[in-house]
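Trainee: Input: one structure, supplied below.
Please treat every number below as a calculation from the coordinates, not as lab data. Fair warning: this is a prediction, and the values are worked out from it, not measured in the lab. Virtual Cβ from ideal backbone geometry, glycine too; neighbours counted across all protein chains shown.
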Amino acid sequence: MTQTPEGLVLDAPGVRAVVLPADGGRLGSLVIDGRELLVTRNPDGPITWGSYPMAPWAGRIRHGELGFRGATYRLPLGMPPHAIHGVVFDRPWDVTGPATIAIDLDGRWPFRGRVTQRFSLDADGFEVSMTLEADEPMPAVLGWHPWFRRVLAEGDPAAVLAFRADAMLVRDAEGIPTGDQVSPPPGPWDDAFTGIRERPVIEWPGRLRLEISSTCPWLVVYTMPEHAICVEPESGPPNGPNTAPEVVEPGTPLTHSMRWQWTRARAITIP
C-alpha cells in the first residue's frame, strides 16, 4: 500500500485499487488488467460513483424520522423526502494505519461513535471491512454502495448480473418497504432482497467474472441506470434502523465485511 496525494493505492499483479479518504472513504477506482470496473468521479454528486461506505445506516430512512428507545430524532433529508445512506460517504476520513481509515460520526446523527474501514487487495480479489464503535447505544445498518460499469471497453457486450434470493421487499409509492415480501420478479430493480441463496455474480462477457460475498444478509440491487449496475450488501433493509436494526452498545462494536473475487480471461457463462 502506498499513500499518495491521489489516495491510498493498493497494488497486486495486474490490479490497482485506489481508496479516496478525502472523498467519503470510498474505493474510487479498481483497474484490472488495464480496465476500470467502477464508475469514476463525476459531477452528479457523491452518491453516484465509486464504491462508498454507508453508515450508521444504509439506504433510505422514511422522512428522516428515526425512532429509538422511546425517542424520535430528525435526520437530514439527503434525498427528499427521505434521509439516505448515512453520514460518512460525503466527508473526509482520516488515515489511521496501513490501508486503514476512520471517521467520527457527526452531528447529523444523534449518537456518538466512530467508523473504521480496512482494505486489502490480491491478484484475485478486493476486501473491505467496516466497524462501528458506539460511545452510546445506537441502532445501525452498515453497507457499501458500489457502482460497476456495464461496459468495460468500447464495443463490448454489457455486463450480466445473476443472483438468487428467496424474497424481495415490496416498496410503497415513496420507495420504502411496506414489510410485505414477494418472490423476486425479473428486473430492472431498485429493490431489497433477503434470503440470498446464490451470491451475486457480475459477468463482463469474455473479460471478467466477479463474485460478491459479504457478511451482510441483505442486498439492495439497482439496475435502472443504463451505464451501471449497483449491488449493495447491507446489514439491514431500507428504513432498517426503524424496523430491523442491529443495536450497537459501547464496548461491543459492529463489524461487517465484503469481498469481490474475480476470474479473468477465459470463457465463462452464468447458468
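Trainee: In the list 200, 177, 185, which residue meets the criterion of being out of contact with any Pro (no Cβ under 8 Å at 6 or more places or on another chain), under 12 Å from residue 220 (Cα atoms) and not charged (D, E, K, R)?
Mentor: On the way: 177 fails: out of contact with any Pro (no Cβ under 8 Å at 6 or more places or on another chain); 185 fails: under 12 Å from residue 220 (Cα atoms).
The unique qualifying residue is 200.
Trainee: How about the stretch 132-186: which of its residues are of a type in the set (Val, Ile, Thr), in contact (Cβ under 8 Å) with a residue 60 or more places away in the chain and in a strand (DSSP E or B)?
Mentor: The one that is of a type in the set (Val, Ile, Thr), in contact (Cβ under 8 Å) with a residue 60 or more places away in the chain and in a strand (DSSP E or B): 160.
Trainee: Something else about it: Select the strands (runs of 3 or more DSSP E) contained entirely in the stretch 190-271, then report the ones holding at least 1 residues which are surrounded by fewer than 18 Cβ atoms within 10 Å (Cβ to Cβ) and without any contact (Cβ under 8 Å) to a residue 60 or more places away in the chain. Quick ask: steps written out before the conclusion?
Mentor: Working: elements: 190-204, 208-214, 218-222, 228-234, 246-248, 254-264.
Filter on the stretch 190-271 gives 190-204, 208-214, 218-222.
Trainee: Kindly evaluate residue 123 against the criterion of being in contact with a strand residue (DSSP E or B) (Cβ under 6 Å, 6 or more places away or on another chain), over 24 Å from residue 16 (Cα atoms), touching a residue at least 40 places away in the same chain (Cβ under 8 Å) and small (Gly, Ala, Ser). Step through it out loud before you land on a result.
Mentor: Details: in contact with a strand residue (DSSP E or B) (Cβ under 6 Å, 6 or more places away or on another chain): yes; over 24 Å from residue 16 (Cα atoms): no; touching a residue at least 40 places away in the same chain (Cβ under 8 Å): yes; small (Gly, Ala, Ser): yes.
No.
Trainee: Determine, yes or no, whether residue 62 is of a type in the set (D, E, K, R) and surrounded by 15 or more Cβ atoms within 10 Å (Cβ to Cβ). Full working, then the answer.
Mentor: On the way: of a type in the set (D, E, K, R): yes; surrounded by 15 or more Cβ atoms within 10 Å (Cβ to Cβ): yes.
When the stated conditions are applied, residue 62 passes them.
Trainee: Report, ordered by the first and then the second residue, all pairs with beta carbons closer than 8 Å, sequence separation of six or more or different chains, a first member in the stretch 3-19 that is of a type in the set (S, T, N, Q), and a second member that is assigned to a strand (DSSP E or B) and surrounded by fewer than 20 Cβ atoms within 10 Å (Cβ to Cβ).
Mentor: Listed by first residue and then by second, the contacts come to 3/9; 3/95.
Trainee: Within the stretch 93-119, which residues are in contact (Cβ under 8 Å) with a residue 40 or more places away in the chain, under 16 Å from the mean Cα position of the chain (by Cα) and surrounded by fewer than 20 Cβ atoms within 10 Å (Cβ to Cβ)?
Mentor: The answer is 119, and nothing else.
For every residue, the table says whether it meets (1) acidic (Asp, Glu); (2) more than 25 Å from residue 102 (Cα to Cα); (3) in contact with a Ser or Thr (Cβ under 8 Å, 6 or more places away or on another chain).
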| site | (1), (2), (3) |
| --- | --- |
| 16 | no, no, yes |
| 20 | no, no, no |
| 26 | no, no, yes |
| 33 | yes, yes, no |
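Trainee: Here is a further query. Please give the number of the condition residue 91 fails out of (1) basic (Lys, Arg); (2) in a loop (DSSP other than H, G, I, E, B); (3) more than 15 Å from residue 24 (Cβ to Cβ).
Mentor: (3)
Trainee: Collect the residues in the stretch 141-159 that are closer than 30 Å to residue 87 by Cβ and either surrounded by fewer than 16 Cβ atoms within 10 Å (Cβ to Cβ) or of a type in the set (Val, Ile, Thr) (or both), keeping them in residue-number order. Explain how you work it out, then say what you get.
Mentor: Residues of the stretch 141-159 that are closer than 30 Å to residue 87 by Cβ, as a first pass: 141-150.
Hit for the stretch 141-159 is 141, nothing else.
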